[in-house]
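Take a look at the structure below.
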Amino acid sequence: MWRLAVGAFALLVSFSTLCYSETTNTSPNTSLLTDSKVAAALVALIGVIISTALSSVLSFFLARATARNTIQSEYTKRQSELALKISELISSKDDKTQKTAMRRFAVGVVKVLKPEDHPECGHVYFIPMNSRITVGRSPDNDIVLSDAYDSVSRWHCGFVSDQHSVWIDDYKSVNGTQIGDEEVRTSRQLKNDEQITLGPYTLHFRRIRENTILG
């Protein structure tokens, strides 16, 4: 806004000087010329004021937009660095570190409800943010579920999470994956308190709403 003040002050000084010089000249022949010069000076003054004001306003909004973009860029960078660090902790070879990270950064929990006489019944598995948790009878899965009839495929299904939500995918299993009476055919977002059936197993999903580490 200082540009507006300086411009207006300079034009006011010029205008005052012009008026003073014209009042010392009392010749009738110069009256029309004086009026024209005064009008021109006023138009110039108004033009500069408007131009300077518009320039100042535009500069303000450009500076504000630049600052906002810089802050957003820095926020995104920090979020990416934090997400990478979380992934490293979850993938840690140290069993204690991995379990602590999965619990700390979980966005969902899966509990085995059935079969009630199976050793896996009652076990709880955490689904951390930005991760994929696989389920099947193969020992390579994150959640290993097996039975005497091999009704669970080697790689049966999987949970995929972002920072807030969890989806389930069926890996073209032989006996399929169901949520209630609905068969999972494509990636499907899980809702809180839904039950998932695969083979003889029933899993209960619970969403953890309070995890806001990544906003």
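The values are calculated or read from the model by the stated rules, or taken from the named source; none is laboratory data. The model shown is predicted, which means the values in this text are computed figures rather than measured ones. Positions of Cβ are backbone-derived with ideal geometry, glycine not excepted, and every protein chain shown enters the neighbour counts. Ligands, DNA and RNA are excluded from the accessible area calculation, which covers all protein heavy atoms including side chains. Shrake-Rupley method; radii C 1.70, N 1.55, O 1.52, S 1.80 Å.
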Exercise. Might you let me know whether the range 105-127 holds any residue that is over 27 Å from ARG185 (Cβ atoms) and buried (at least 20 other Cβ atoms within 10 Å of the Cβ)?
Key: yes
Quiz item: Scanning the range 143-178 for residues that are modelled with pLDDT of 90 or more and of a type in the set (D, E, K, R), which turns out farthest from VAL112 (Cα to Cα)?
Solution: LYS172
Quiz item: When you look at ARG206, is it more than 21 Å from the chain's Cα centre (by Cα), open to solvent by 60 Å² or more (accessible area, probe 1.4 Å) and closer than 30 Å to ARG78 by Cα, yes or no?
Solution: yes
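This table checks each residue for (1) open to solvent by less than 20 Å² (accessible area, probe 1.4 Å); (2) among the acidic types (Asp, Glu); (3) farther than 23 Å from ARG188 by Cα; (4) in contact with a helix residue (DSSP H, G or I) (Cβ under 9 Å, 6 or more places away or on another chain).
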residue	(1), (2), (3), (4)
THR100	no, no, yes, yes
PRO139	no, no, yes, no
ASP150	no, yes, yes, no
GLN163	no, no, no, yes
